[in-house]
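Single-structure report; data block below.
Just so it is clear, none of the values below were taken in a lab; they were calculated from the coordinates. These numbers were taken from a predicted model, which means no experiment stands behind them. Neighbour counts run over all protein chains shown; Cβ positions are idealised from the backbone, glycine included.
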Amino acid sequence: MDRLRDKVVIVTGAGSGIGRAAAELMGREGAGVLVADHDADAARAVAGGIGDGGGRAVPYTVDVTDEESVAAMVETAVGEYGRLDALCNHVGGTDPRKDLDLLRLDMAEFDRAVDLNVRSTLAGTRHALPHLIRAGGGSIVNTASVAGLLGDSLQISYGAVKAAVISVTRYVAVQYGPRGVRCNAVAPGAVMTPALRDNLPPEVIERLEGHNALPYLGTPQDIGNVMLFLASDESRYLTGQVIVVDGGMTCRSPAAADRGGPPSPAG
């Protein structure tokens, strides 16, 4: 498969979960991948796996809250491969033990969330843009969340920073579209990542499944496939968009569970 043949992609947060799935899929589709993560061992393992499968990958240890580290990451990718065609700003999240409702919110956690989710997206994009423009255009893929589109009873910081990522996505799309740079966001719903399994008990995961239109939760590969599409030329006429990948959670009426489903097909 050659959907990203001769392209160079940076994926942050590529050591596990969705970032890992995206990096592996892109490597399989012919891209030269910079596997960036704060966990050096995880980055090396993922890059090694891509190489073992016949792909091209270089590990990089990055602190996305440090702009100098982010700038060095971008320069490393260009130095290794000679160009840059796509950037996936995937690192994000908050600590659910500190990110609660507003009255119980740890404001230091909010500040950390801004740095980890929003400032990192701005920094990565800022340093990647000159190289994308030099290459004749390219793609930026930001990871948002359905939390940036809805309200919830907890994790107010997470919702706020993901809404900011969505806004940054649209602004970059407008400002740099004339230079051939596309910028889109993926907004996952509940996905069976290691972090989800580690932080939620089985009964809560089962309840999450019940809120989807589909009878299951997504996998990291489900989100990675959308990121792959957005990094490829297949999405060349798509920019400034938020692609919601949530198993139908946000399209489902709260009353749907009480109405019952359609009858089973005969036979």
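Some notes on this structure:
- For the chain, leaving out every one of the chymotrypsin sites (Phe, Trp or Tyr not before Pro) that falls in a DSSP loop and has at most 11 other Cβ atoms within 10 Å, the longest unbroken run is 1-215.
- For the chain, a simple Cβ point-charge model (Lys and Arg +1, Asp and Glu -1, everything else neutral) yields a dipole of about 820 debye relative to the Cα centre.
- Annotation: extensible slack from Arg126 through Tyr237 equals 37.8 nm (criterion: 0.36 nm per residue apart, minus Cα-Cα distance).
- Helix 40-52 axis, angle to the chain major axis (alpha carbon atoms, nearest 10°): 80
- Arg104-Arg207 FRET efficiency (beta carbon distance; Förster radius 30 Å; 0.05 resolution): 0.85
- Using the Cβ of Val70 as centre and a radius below 11 Å, the other residues enclosed give a net charge of -3, where K and R count +1 and D and E count -1.
- Measuring nothing but how far apart in sequence close Cα pairs (under 8 Å, 6+ apart) lie, relative to its length, the chain scores a relative contact order of 18 percent.
- Counting only Cβ charges, +1 for Lys and Arg and -1 for Asp and Glu, the dipole size of the range 83-163 around its Cα centre is about 360 debye.
- On Cα atoms only, tilt of 202-211 relative to the major axis of the chain in degrees: 90
- Restriction of the trypsin sites (Lys or Arg not before Pro) in the range 1-49 to DSSP coil positions whose beta-carbon has at most 13 other beta-carbons within 10 angstrom yields Arg5.
- Charge context of Gly138, other residues only, Cβ under 13 angstrom, K/R +1, D/E -1: +3
- Label point of Leu150 set 7 angstrom out along Cα-Cβ; within the range 97-138, amide nitrogens under 20 Å from it belong to 97, 99-102.
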